[in-house]
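> Could you have a look at this structure, given as structure tokens, before my questions?
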Amino acid sequence: MLAIHEWSFKDRKGVAGFTILELLAVFAILAIIVALAAPRFVAVIEESKIKACDNNVEMIRKAAEMYYEVKGEWPQEQDLVDENYIERYIYCPLSNTESEEYAYDIDENGKVTCRNAANHSREPGV
Ligand SMILES: [Zn+2]
């Protein structure tokens with residue numbers, strides 16, 4: 001059986017490369033770095049999607065106000081699309097699906113809310 005020192009780089013004559021132990025050490029260090037960084041990346045991605053949702057709320061609110069000025073009543077998101085106040089139906093970016101259950105509601109006071117707000121780590125628009 002080989003002793004640990006016989007596996008090391010310097011003892012092998014004329015063979016360039018790394019030993020299994022050296023490669024394992026490198027992969028272990030890389031795995032630790034990825035494990036430390038991954039939750040941070042996930043949090044940053046989620047925060048950017050919530051900010052995109054904030055922007056959707058603001059854009060729909062402005063379109064709804066213009067609609068209200070003309071029609072005298074608050075629209076639903078579909079009315080804004082039908083009347084070309086917005087180009088197309090807009091969905092919460094956090095949902096990753098284009099389904100009406102993740103669209104936006106406009107209440108009788110013109111307040112715009114995200115239907116997917118329960119899945120946000122913070123309230124949109126704050
Ligand atoms: Zn949302």
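The numbers here are math on the coordinates, done by the rules we state, and not lab data. Note that the structure is a prediction, hence the values are computed from the model and not measured. Ideal geometry is used to build each Cβ from the backbone, glycine not excepted, and the neighbour counts take in all protein chains shown.
> Once you treat every alpha carbon in segment 19-119 as an equal point and sum by Debye, what is log10 I(q)/I(0) at q = 0.10, 0.12, 0.22 Å⁻¹?
-0.42, -0.51, -1.07
> Which residue, Gly110, Gly17, Gly72, has the most motion in a Gaussian network model of the chain that connects Cα atoms within less than 10 Å?
Gly17
> Toward the positive end of the charge dipole of segment 19-119, about the Cα centre and with charges on Cβ (Lys, Arg +1; Asp, Glu -1), which of Thr97, Ala63, Ile32 goes farthest?
Ile32
> If you don't mind, another one. Pick from Pro75, Pro39, Pro93: which residue has the top mean-square fluctuation in a GNM of the chain where Cα pairs under 10 Å get a spring?
Comparing Pro75, Pro39, Pro93 in a Gaussian network model of the chain, the most mobile one is Pro39.
> Also, quick follow-up: Suppose the chain between Ile33 and Tyr89 were pulled fully straight at 0.36 nm per residue; how much longer would it get relative to their current alpha carbon spacing? The partial results should precede the final answer.
Values: separation 56, 0.36 × 56 = 20.16 nm, distance 4.03 nm.
So the chain would gain 16.1 nm between Ile33 and Tyr89.
> Within the chain, how many Lys pairs that are eight or more residues apart, or on different chains, come under 25 Å at the alpha-carbon?
Summing the qualifying lysine pairs gives 7.
> While we're here: State to the nearest 20 debye the size of the charge dipole of segment 19-119 about its Cα centre, where the only charges are +1 on K and R beta carbons and -1 on D and E beta carbons.
580 debye
> GNM, the chain, Cα, under 10 Å: largest mean-square fluctuation among Ala38, Ala25, Ala64?
Most flexible of the set in this elastic network: Ala25.
> Compute the acute angle (0 to 90°) between the alpha-carbon long axis of helix 20-71 and the principal axis of greatest extent of the alpha-carbon atoms of the chain; round to the nearest 10°.
10 degrees
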